[in-house]
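The values are calculated or read from the model by the stated rules, or taken from the named source; none is laboratory data. This is a predicted model, so every value here is computed, not measured. Please note: Cβ atoms are built from the backbone with ideal geometry, for glycine as well, and neighbour counts cover all protein chains shown. Each accessible area value is taken on the protein alone, full model and side chains, heavy atoms only, with ligands, DNA and RNA left out. Shrake-Rupley method; radii C 1.70, N 1.55, O 1.52, S 1.80 Å.
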Amino acid sequence: MLGALLCLVIVANTGCSVLGINAKTLSGRTTVTWLVRTDININPWEYKVVDDFEASHSDIHIKLVLVPSGANFDQKLVTMQVGWEPADIFSIWGNNSWADEVYRGFAADLNPYIESSHFSFNGMNQKLLDQYSVNGHVYAIPFATGGSYVYYNVDMFKKANLPLPPTSWDDPNWTWETMLKDAQAMTVKSKSLNERAYGMSDDLWPENSTSMLFGGDYFQPSTYKDGVVKSTTATDPLVAKSVQWKRDLIYKYQVAPLPADATLLNGFLSGKVGMSMSGVWGLWGNKPAKFNWAVAPLPHFTSNAKDVLFTDPWMMAKDSKHPKEAWTFLQWLCDPAHGAKTYMESSGAVPPWSQLLPEWAENTHKVMPSLTKEQLMQVAQGSLDHGQESINHLAISYGQFDSVISNVLSPVYNTGKVDPTGALNEVQKQLEETIKKVGSVKPLSS
């Protein structure tokens with residue numbers, strides 16, 4: 001009785017049915033469980049997707065399960081997949097990667113479903129699909145993507161009488177030296193934090209995003225293909241160069257805020273930072289800005305520089321109790337006429353489907369009127385052409401490696417008193433220890 005009373009209290013206070021959010025009835029319907037992260041910006045889209053899908057699929061009920069991102073999401077996913085109710089549809093909203101879910105046997109091989117339903121990938125960027133495939137077998141379908149960019153304050157550029165950055169990733173004049181000169185022109189030094197202005201900040205993530213601009217990396221190319229971190233190259237001179245450069249922005253050139261000041265300012269949204277190098281999430285994260293802003297390519301650092309892509313895919317549980325119905329819903333979520341389209345409209349993320357790119361550019365132009373639709377498409381397409389999918393999506397047990405890099409390098413940027421070379425030697429040592437701790441891992445491609 002007490003349990004029933006508590007359940008009624010929860011329902012009354014959250015509006016959630018014991019059958020799942022937005023559930024009506026299970027009578028004669030098959031339930032498909034959809035595991036997502038709690039996100040005030042995206043959850044309304046998910047509620048609407050459920051309603052729209054169920055309206056045209058009266059025999060299928062979608063049970064929406066919301067969990068905080070990060071470790072909590074990973075734990076919930078594992079609990080569900082090994083328990084009595086697998087998460088039929090899910091994505092990589094935790095610290096674990098797509099490679100982790102394939103390696104653990106949680107993600108289904110979608111090839112049989114794709115072939116039997118004749119699901120069309122016409123318009124899908126093949127590069128994005130391939131990175132979530134193993135030996136030609138598709139284990140996830142992208143629904144959103146986007147690279148790393150320079151987000152800039154249009155008003156600060158105009159105040160400093162500077163030309164706006166280009167939109168072509170191949171513009172030879174858009175170099176890191178040019179970016180530094182622009183940053184210096186916009187920087188205003190003052191004892192008062194409120195009166196200061198900073199030309200730029202390196203907010204790229206993961207940490208290897210900056211090293212890849214210099215042609216270096218903490219990880220071997222093979223890791224991006226088979227998911228296994230066999231060794232590390234943290235002491236690569238190109239990696240050291242990237243760490244020194246990021247540190248110099250703060251302490252030598254003084255065009256970037258101290259990490260503590262950046263937190264107090266609220267970063268780019270403060271209107272006191274001219275340029276912020278960051279991931280695709282800036283396309284929606286910067287929408288609350290009270291100033292005019294726009295997006296540009298990352299500048300040229302070296303001929304083999306790469307920007308980091310962040311492609312989000314949907315997966316289906318290998319042990320789904322209702323694979324036919326789960327696949328029907330997965331198709332809907334990825335379809336450029338349904339889920340992929342409405343997700344783009346709600347989030348602002350770059351669509352993986354070429355037929356949706358013009359609409360994305362039109363919507364984004366309303367947020368960034370200083371750029372034409374053609375220029376926005378050039379920026380978006382260029383990031384895909386020059387990009388490499390993020391290591392946090394493709395490496396098995398990446399969360400453990402990321403913690404080492406972040407923890408060891410944090411004092412380099414926070415204090416300015418720790419030598420980058422010495423810190424990277426420690427990163428190398430701890431990453432090698434982490435590789436041993438993770439143990440023998442079978443390559444995904446084997």
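What list of ³J(HN,Hα) values in whole Hz, one per residue of the range 107-113 in order, does the Karplus curve 6.51 cos²θ - 1.76 cosθ + 1.60 (θ = phi - 60°) give from phi, with Gly and Pro shown as x?
8, 7, 6, 8, 3, x, 6
Mind checking which of Leu249, Ser270, Asn194 is farthest towards the positive end of the chain's charge dipole, using Cβ charges of +1 (Lys, Arg) and -1 (Asp, Glu) about the Cα centre?
Farthest towards the positive pole: Asn194.
Hey, how many Å between the Cα centroid of the range 234-301 and the Cα centroid of the range 392-446?
Computed from Cα coordinates, the inter-centre distance equals 22 Å.
With only Lys, Arg, Asp and Glu charged, each at its Cβ (+1 for the first two, -1 for the last two), find how big the charge dipole of the chain is about the Cα centre; round to the nearest 20 debye. List each step's numbers first, then the result.
Working: 35 positive and 44 negative charges, 198 e Å.
Its charge dipole is roughly 960 debye.
Rounded to whole Å and ordered largest first, report the semi-axes of the equivalent ellipsoid of the range 89-132 derived from its Cα gyration tensor (root of 5λ). Could the numbers behind the result be given before it?
Values: eigenvalues 94, 40, 15 Å².
Semi-axes (√(5λ), whole Å): 22, 14, 9.
Which value, in Å², gives the accessible area per residue of the chain when a 1.4 Å probe is used on the protein heavy atoms?
Details: 19360 Å² over 446 residues.
On a per-residue basis, 43 Å².
Non-local amide H neighbours of Thr33 (under 5 Å, H modeled in plane, Pro and chain starts lacking H): which ones?
Close amide H contacts, sequence-distant or interchain: Lys63, Asp88, Ile89.
Going down the table (Lys76/Lys230; Lys252/Lys290; Lys127/Lys241; Lys181/Lys272; Lys48/Lys287), which pairs top 24 Å between alpha carbons? Don't skip to the end; give the middle numbers.
Details: Lys76/Lys230 28 Å; Lys252/Lys290 30 Å; Lys127/Lys241 29 Å; Lys181/Lys272 17 Å; Lys48/Lys287 22 Å.
Listed pairs above 24 Å: Lys76/Lys230; Lys252/Lys290; Lys127/Lys241.
List the aspartates and glutamates whose Cα lies under 17 Å from the Cα of Lys341, skipping any in the same chain that are fewer than 8 positions away.
Within reach: Glu46, Asp51, Asp52, Asp312, Glu359, Glu362.
List every residue whose amide H lies under 5 Å from the amide H of Val350, counting only residues 5 or more places away in sequence or on a different chain, with H placed 1.01 Å from N in the peptide plane.
Thr145
Let me spell out the model: positive unit charges on the Cβ of Lys and Arg, negative unit charges on the Cβ of Asp and Glu, origin at the Cα centre of the range 328-436. What dipole size does that give, in debye rounded to 20? Mind dumping the intermediate values first?
Details: 6 positive and 12 negative charges, 35 e Å.
The dipole of the range 328-436 has a size of about 160 debye.
Counting only protein heavy atoms, what percent of the accessible surface of the chain is carbon or sulfur at a 1.4 Å probe? Each step should come with its number before you reach the end.
Values: 10320 of 19360 Å².
Carbon plus sulfur share of accessible area: 53 percent.
Which of the peptides 36-48, 267-279, 340-352 is most tightly packed, and how do the rest follow, going by the mean number of other Cβ atoms within 10 Å of each residue?
Values: 36-48: 14.9, 267-279: 23.5, 340-352: 21.8.
Ranking, from highest mean packing down: 267-279, 340-352, 36-48.
Show me, for the range 94-99, the HN-Hα J-couplings you get by feeding each phi into the Karplus relation (A = 6.51, B = -1.76, C = 1.60, θ = phi - 60°), rounded to Hz, glycine and proline as x.
Each residue of the range 94-99 in turn: x, 7, 7, 9, 4, 4 Hz.
Using per-residue counts of other Cβ atoms within 10 Å, averaged over each peptide, order 290-299, 180-189 from highest down. List each step's numbers first, then the result.
Details: 290-299: 20.8, 180-189: 17.4.
Answer by packing, highest mean first, reads 290-299, 180-189.
With an 8 Å cut-off on Cα pairs and a minimum separation of 6 or more residues, tell me the relative contact order of the chain in percent. All intermediate terms of the calculation are to be shown ahead of the outcome.
Numbers: 771 pairs, mean separation 105.9, N = 446.
Relative contact order, the chain: 24 percent.
Charges on Cβ only, +1 for Lys and Arg, -1 for Asp and Glu, centred on the Cα centroid of the chain; of Gln430, Ala260, Val65, which one is farthest towards the dipole's positive end?
Farthest along the dipole direction, towards plus: Ala260.
Report the label-to-label distance for Ser168 and Glu432 in nanometres (one decimal), using points 7 Å from each Cα along the Cα→Cβ vector.
Modelled inter-label distance: 4.6 nm.
For the pair Lys159/Tyr253, report the inter-label distance in nm, with labels modelled 7 Å from Cα in the Cβ direction.
Distance between the two pseudo-spin positions: 2.0 nm.
Based on the alpha carbons, how large is the Rg to Rh ratio for the range 384-440 when Rh follows Kirkwood? Write out the running numbers ahead of the final one.
Numbers: Rg = 13.5 Å, Rh = 12.7 Å.
Reported Rg/Rh (Cα atoms, Kirkwood Rh): 1.06.
Determine how large the accessible area of Trp284 is when every protein chain is in place; take a 1.4 Å probe and give Å² rounded to the nearest 10.
80
Around Ile396, under 14 Å between beta carbons, what's the net of Lys plus Arg minus Asp minus Glu among the other residues? Working shown, then result.
On the way: positive: Arg104, Lys225, Lys230, Lys437, Lys442; negative: Asp74, Asp100, Glu101, Asp226, Asp402.
With Lys, Arg at +1 and Asp, Glu at -1, the net is 0.
Using r as the Cβ-Cβ distance of Thr79 and His137, and R0 as 30 Å, what FRET efficiency do you calculate, to the nearest 0.05?
Efficiency, rounded to the nearest 0.05: 0.70.
Multiply the residue gap between Thr235 and Ser117 by 0.36 nm, knock off their C-alpha separation, and tell me the result in nm, one decimal place. The partial results should precede the final answer.
Working: separation 118, 0.36 × 118 = 42.48 nm, distance 4.88 nm.
Contour length minus Cα-Cα distance gives 37.6 nm.
If amide hydrogens are placed 1.01 Å from N in the peptide plane, which non-local residues have theirs closer than 5 Å to the one on Val273?
Counting only residues 5 or more places away or on other chains, the set is Tyr198.
Highest mean first, how do 241-254, 67-80 rank when packing is the count of other Cβ atoms within 10 Å averaged over residues? Write out the running numbers ahead of the final one.
Numbers: 241-254: 19.0, 67-80: 17.1.
Result, highest mean Cβ count within 10 Å first: 241-254, 67-80.
The range 340-446: Rg/Rh from Cα coordinates, Kirkwood Rh? Mind showing how you got there, number by number?
Values: Rg = 20.2 Å, Rh = 17.6 Å.
Over the Cα atoms of the range 340-446, Rg/Rh equals 1.15.
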